[in-house]
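The values are calculated or read from the model by the stated rules, or taken from the named source; none is laboratory data. What you are looking at is a predicted structure, and each value in this text was computed from that prediction instead of being measured. Ideal geometry is used to build each Cβ from the backbone, glycine not excepted, and the neighbour counts take in all protein chains shown. For accessibility, only protein heavy atoms count, side chains too; no ligands or nucleic acids. Shrake-Rupley method; radii C 1.70, N 1.55, O 1.52, S 1.80 Å.
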Amino acid sequence: MPVYEVEPREGVGPVRLGASRDDVRAAVPDPPEPFQKGALQRYEVDAFDRLGLHVHYAGDMPAVDFVEAFPADGVRFTLGGVDLFGSPAAEVVAGLAEQYAVAEEEE
């Protein structure tokens, strides 16, 4: 089971912010299924749905702008060792609050 660490301002798992499309496709073990997410979006998004990743590109030369992560069978996403999708929200917030400044806006 792949475990992808979310690294703020760095990337998610093998996907690094600022990386080229070719670098992403070489680093991620599955082939992407590119799609146009919005009419105003300059580049297609690389969808790695089996791995729970959508990679967005921006810039003059397509470079990773941001990464969407979502639950996928057999994949875990962690931040500071906290399982982001496999734990109840209260446990995620409590675990992250031990390591990071967390501001709760509502209970």
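Structure above, values below:
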quantity	calculated
Karplus-derived 3J(HN,Hα), 6.51/-1.76/1.60, for each residue of the range 78-95, Hz, glycine and proline x	10, 9, x, x, 8, 6, 6, 9, x, 10, x, 3, 4, 5, 4, 4, 5, x
Per residue accessible area in Å² of the chain, where ligands, DNA and RNA are left out and the probe is 1.4 Å	63
Distant-in-sequence amide H partners of Glu5 (H built 1.01 Å from N, under 5 Å)	Gly13, Thr78
Principal axis dimensions, the chain - Cα atoms, whole angstrom, descending	39, 30, 22
Built amide H within the under 5 Å cut-off of Phe85, gap 5+	Phe77
Two-site label geometry, Arg25 and Glu98: point separation in nm, points 7 Å out along Cα→Cβ	4.2
Total formal charge among the other residues, if their Cβ is under 11 angstrom from that of Ala47, Lys/Arg +1 and Asp/Glu -1	-4
Accessible area of the chain belonging to carbon and sulfur atoms, whole % at 1.4 Å probe	53
Positive-pole candidate from Val102, Pro31, Val6, dipole of the chain, charges at beta carbon	Pro31
Long-range amide H partners of Lys37 with built H, under 5 Å	Val45
13 Å beta-carbon shell around His56, net charge (K/R +1, D/E -1)	-1
Beta bridge orientation in the chain: antiparallel %, DSSP, nearest 5	85
In order through the range 29-45: 3J(HN,Hα) via Karplus (6.51 cos²θ - 1.76 cosθ + 1.60), integer Hz, x for Gly, Pro	x, 9, x, x, 10, x, 8, 8, 6, x, 4, 8, 6, 6, 10, 5, 8
Listed peptides 74-84, 11-21, 90-100 by packing density, highest first (mean Cβ within 10 Å)	11-21, 74-84, 90-100
The chain, relative contact order in percent, only Cα pairs under 8 angstrom and at least six apart counted	24
